[in-house]
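**Student:** Have a look at this one before I ask anything.
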């Protein structure tokens, strides 16, 4: 019985490291693949609600977006920033759309740094 608990405990301790390593491997993109990515999603207009409020919208193309865990991690990180009103992650288009208050700013370098710290690579930035 004690051996089962020890085995279970050791398994539980190794799962987070395995999960993190597996998730990190999903984010690796072969060299040269970026040139084939469709950037047309960068031209999507701001939502009517954002335009009516005068909010600014930033659309960033981001490598490494593969799952809902990615989306939640990015949302959690970016929602901590002053002036951020909304974060939408499109896993298919590999974009992150950040809504900002009309008087707020989120500089390209700052956004790129936040995404890098979260484990992602921003490849394009556009303010609408």
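Each reported figure results from applying straightforward, stated rules to the coordinates on display, with no laboratory input. The model shown is predicted, which means the values in this text are computed figures rather than measured ones. A quick note on method: Cβ atoms are made from the backbone with ideal geometry, for glycine too, and the neighbour counts reach across all protein chains shown.
**Student:** Give me the pairs: first residue in the stretch 107-128 and touching a residue at least 40 places away in the same chain (Cβ under 8 Å) and on the phi > 0 side of the Ramachandran plot, second residue surrounded by 15 or more Cβ atoms within 10 Å (Cβ to Cβ) and part of a loop (DSSP other than H, G, I, E, B), beta-carbon distance under 7 Å, and six or more apart or on different chains, which are they?
**Tutor:** The qualifying pairs are 119/27; 119/64.
**Student:** For residues that are surrounded by fewer than 19 Cβ atoms within 10 Å (Cβ to Cβ) and either within 14 Å of the chain's Cα centre (by Cα) or part of a strand (DSSP E or B) (or both), tally how many sit in the stretch 88-109.
**Tutor:** 4
**Student:** Determine whether residue 62 is surrounded by 15 or more Cβ atoms within 10 Å (Cβ to Cβ), part of a strand (DSSP E or B) and free of Cβ contacts under 8 Å to residues at least 24 places away in the same chain.
**Tutor:** No.
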